[in-house]
Amino acid sequence: METVILAVVIAVVVLAVLGGLVVGSRRKKPLPPPPPAAPDITAPPAEPHVGDEAETPRDEPRRTIEEVDLPDGGSTGVAVEEPPVVEAPEIEIPEPTAGRLVRLRARLSRSQNALGKGLLTLLSREHLDDDTWEEIEDTLLTADVGVQPTQELVERLRERVRVLGTRTPEELRGLLREELLTLIGTDFDRTVKTEPEDRKPGIVMVVGVNGTGKTTTTGKLARVLVADGRTVVLGAADTFRAAAADQLQTWGERVGAHTVRGPEAGDPASVAFDAVKEGKEMGVDVVLIDTAGRLHTKTGLMDELGKVKRVVEKHAPLDEVLLVLDATTGQNGLVQARVFAEVVDISGIVLTKLDGTAKGGIVVAVQRELGVPVKLVGLGEGADDLAPFEPEAFVDALIGE
């Protein structure tokens, strides 16, 4: 019994000691600080109104804007850079077309050594035997006159020289002039048709092989028309050559002609159609359509050229289809002419590069081949070197004064 009581006493003592330790440790921990007192909030001073002093507002007379001295904007203001002014290209006044071929006779006469001057030299011989007449034939053939026209001309010359008997240089020159004019033809209507009676605008399409100068010719033709008092819209239907539309637009800007163009490699027929449409809306006199340089041996491309023609004719019939030929290509140009004539019904010829080394006989050959007249000739690189073809001035340049 005593043992049990002793154990209980020991347990009570142990529990009392442990309890004291716990209470002591709690008393050693610092109490959390009391919450801070709410700060005193002072209202901010009122913002001064426009014209008020920052201190005590005072009643003062107000000044009108006319009485206030404003700073000089040129000295204290912020400089604002103005956008650059794009100046419109200067409009050129083309040279009048009347008598242009006569004025350019000096350039054209460079071809006389191959034809006119050579013929006069041969015809001036004292005795015209068979060998001389063969030389005359060779001279004509070399000048690209063509076989059939050459034979006709030689026969007429032989007959007239036989009847004439004695021959002075003046008589020979007159004789040769008459026969060459007969061969070239003075009864063709060489007017570029741009003024249909029943409507506006006149529609002209320019076609030809790569490298003949179609785009340049189209631009120069625009100058010819503007010089004659016409208004023009240009259609850049050569969408396969990136520079063609830019080149044509530059030609148009020089004379104030609007250019219609489409995306590169776009549909040429669509561009041609839009050009005629805009020409109608603008009320211009003539629409000139520049087409791509077609290789005449490519059937698909020639078919596409026919498509351009058909699409344009949904507006109105074409008034002119001008075939541009390089005069220096000679008889090769006739092959091109035949194929183009089958596709688009050529109505006129433009001969470029007729000055210099070109052979004047191509005028005869191409007219005989197609049955259509040469209407324009290019005699140089200048902007106004495209001239209406005048048979008399042409022959006079070939045989000299």
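The values are calculated or read from the model by the stated rules, or taken from the named source; none is laboratory data. Values in this document were obtained by computation on a predicted structure and should not be read as measured data. Cβ atoms come from the backbone with ideal geometry, glycine included; neighbour counts cover every protein chain shown. Heavy atoms of the whole protein, side chains included, go into the accessibility calculation; ligands, DNA and RNA do not. Shrake-Rupley method; radii C 1.70, N 1.55, O 1.52, S 1.80 Å.
Can you work out the accessible area per residue across the range 251-401, with the rest of the protein chains kept in place, probe 1.4 Å, in square angstrom?
It amounts to 37 Å² per residue over the range 251-401.
At 7 Å along the Cα-to-beta-carbon direction for both residue 95 and residue 392, put a label point, then send me their distance in nm to one decimal.
2.1 nm
By per-residue mean of other Cβ atoms within 10 Å, what is the highest-first order of 203-215, 141-153, 253-265?
203-215, 141-153, 253-265
Where the accessible area of the range 126-233 is counted over protein heavy atoms with a 1.4 Å probe, how much of it, in %, is carbon and sulfur?
46 percent
What translational diffusion coefficient, in µm²/s and rounded to a whole number, does the Stokes-Einstein relation yield for the range 131-264 at 10 °C and a viscosity of 1.306 mPa s, taking the hydrodynamic radius as the Kirkwood radius over Cα pairs?
Using the Kirkwood radius from Cα pairs, D works out to 84 µm²/s.
Express in % the proportion of alpha carbon pairs of the range 255-324 at distances exceeding 19 Å. Present the calculation step by step, with values, prior to reporting the outcome.
Working: 841 of 2415 pairs.
So the portion of pairs separated by more than 19 Å is 35 percent.
Can you give me the % of accessible surface on the range 264-401 that is carbon or sulfur? Probe 1.4 Å, all protein chains present, nothing else counted.
Working: 2400 of 4950 Å².
About 48 percent, which is the carbon plus sulfur part of the accessible surface.
Could I have the simple spin-label model distance between residue 335 and residue 161, label points 7 Å from Cα toward Cβ, reported in nm to one decimal?
3.4 nm
Given 0.36 nm per residue, what is the gain on full extension from residue 126 to residue 154 after removing their alpha carbon distance, in nm?
Here the segment from residue 126 to residue 154 would lengthen by 8.3 nm.
Over the range 279-380, how many pairs of lysines fall under 23 Å by alpha carbon, counting only those 8 or more apart in sequence or from different chains?
8
Applying a 10 Å radius around every beta-carbon, put 95-102, 362-369 in order of their mean neighbour count, most first.
Ranked by mean Cβ neighbours within 10 Å, highest first: 362-369, 95-102.
If Lys and Arg each add +1 and Asp and Glu each add -1, what is the summed charge of the other residues whose beta carbon sits under 10 Å from the beta carbon of residue 393? Show your work: numbers first, answer last.
Values: positive: 100, 103, 105; negative: 390, 392, 396.
Local net charge: 0.
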